[in-house]
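The values are calculated or read from the model by the stated rules, or taken from the named source; none is laboratory data. Please read all numbers here as calculations on a predicted model, not as lab measurements. As a convention, Cβ positions derive from the backbone with ideal geometry for all residues, glycine included, and neighbour counts pool all protein chains shown. Keep in mind that these areas ignore ligands, DNA and RNA; they rest on the heavy atoms of the full protein, side chains included. Shrake-Rupley method; radii C 1.70, N 1.55, O 1.52, S 1.80 Å.
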Amino acid sequence: MNTGILTFHHAHHYGAQLQAFALMKAIMDQGLDCEIINYVRKDTIEGSSLFKKRMSARSLLTNADTLLNYSKLKKRYDRFEGFINDEMKLSEKFYATYDELRTDAPKYHAYVCGSDQIWNPLIFEEKTFDPAFFADFAKSGRRIAYAPSFGISSIPEDKKELLKKYLEKFDCLSVRERQGEKIIRELTGRDSLTVLDP
């Protein structure tokens, strides 16, 4: 059975990269073929880049700090990029937008969504859920949630129906926090498990 993971794997953050790698390895250790779907949002690329392109005061200060500490920050940047390229098994195709995923959907027997705060609607620029992290583009295959986090204690009222629609398509649901169990039960009437973040 081939499995595709949807998570934050490209963020230059130790927690993000290690949880992605650990989940990939755990699935492979079960004897399954597994890779991380190479979906990287534009805001993730911007957040992980050495120099920020935006012209805000904060970006200008960050860029000034990067110039002053370039050697150290470039080494850190290269280590993160090296870990992604050397240790993570990524899909051959790179996806920069949800539309690209929907147009040329990768095909797997199972789509594993998680972990990290992929179900937090407030961390994205659009301030809503990213359908990619619910494998909403998938035309077939099982959808499995492993330890995703909502990252917030309650779902905004105007986003509840959308979340319910996404969750109803899952074959197996688990979350990272007990509050996530409560959110899922209230919206769908379904039970989920709280499991360890990989």
(request) For LYS93, list the lysines whose Cα falls under 19 Å from its own Cα; do not include residues on the same chain fewer than 8 positions away. (result) LYS42, LYS107, LYS139
(message) How charged is the neighbourhood of ALA64? Take every other residue with its Cβ under 13 Å from the Cβ of ALA64, and add Lys/Arg as +1 and Asp/Glu as -1.
(response) +1
(message) Within the chain, what whole-number % of the accessible surface is contributed by carbon and sulfur, with the 1.4 Å probe and all protein chains included in the calculation?
(response) 53
(request) Find the relative contact order for the chain and round it to a whole percent, using C-alpha pairs within less than 8 Å whose residues are 6+ positions apart. (result) 21
(request) Report, ordered by chain and residue number, the aspartates and glutamates lying within cross-link reach of LYS52, taken as a straight Cα distance under 20 Å and ignoring same-chain residues fewer than 8 apart. (result) ASP43, ASP65, ASP78, GLU81, GLU125, GLU126
(message) Can you compute the helix-only [θ] at 222 nm over the chain? Use -39500 (n - 2.57) per DSSP H run of at least 4 residues, normalise by all residues, nearest 500 deg cm²/dmol.
(response) -12000 deg cm²/dmol
(request) Provide the net charge surrounding ALA135, with neighbours chosen by a C-beta distance below 12 Å and charges set as Lys +1, Arg +1, Asp -1, Glu -1. (result) +3
(request) At 7 Å along the Cα-to-beta-carbon direction for both LYS127 and GLN30, put a label point, then send me their distance in nm to one decimal. (result) 3.8
(request) Could you size up the charge dipole of the chain around its Cα centre, putting +1 on the beta carbon of Lys and Arg and -1 on that of Asp and Glu, and report it in debye to the nearest 20? (result) 320
(request) Return the sequence-ordered ³J(HN,Hα) values of region 87-104 in whole Hz as given by the Karplus equation 6.51 cos²θ - 1.76 cosθ + 1.60 applied to θ = phi - 60°, using x for Gly and Pro. (result) 10, 9, 8, 9, 4, 4, 8, 9, 10, 9, 9, 5, 4, 5, 5, 5, 6, 10
(request) Under 23 Å Cα to Cα from LYS182, which lysines show up? Leave out anything in the same chain fewer than 8 places away. (result) LYS127, LYS159, LYS160, LYS164, LYS165, LYS169
(message) Counting C-alpha atoms alone, how compact is region 1-92: give Rg to one decimal and Dmax as a whole number, in angstrom.
(response) 15.5, 50
(request) For region 1-121, report the accessible area per residue in Å² (1.4 Å probe, heavy atoms, rounded to an integer). (result) 55
(request) Among LEU61, THR44, SER115, flag the residue with its Cα farthest along the positive direction of the charge dipole of region 1-122, charges on Cβ as +1 for Lys/Arg and -1 for Asp/Glu. (result) LEU61
(message) If I model a spin label as a point 7 Å beyond the Cα along the Cα-Cβ vector, how far apart are those points for SER59 and TYR77 in nm?
(response) 1.5
(message) Quick check on region 151-198: take the gyration tensor over C-alpha atoms, sort the square-rooted eigenvalues as a ≥ b ≥ c, and tell me if it's rounded (a/c under 1.5), prolate or oblate.
(response) oblate
(request) Please give the solvent-accessible surface of ASP86 in Å², to the nearest 10, using a probe radius of 1.4 Å with every protein chain present. (result) 120
(request) Could you give the size of the charge dipole of region 94-190 about its Cα centre, using +1 on the Cβ of each K and R and -1 on the Cβ of each D and E, expressed in debye and rounded to the nearest 20? (result) 460
(request) Starting with the highest mean, order 140-152, 164-176 by the number of other Cβ atoms within 10 Å, averaged over the residues of each peptide. (result) 140-152, 164-176
(request) Could you let me know the centre-to-centre spacing of region 35-68 and region 98-155, using Cα atoms, in angstrom? (result) 22
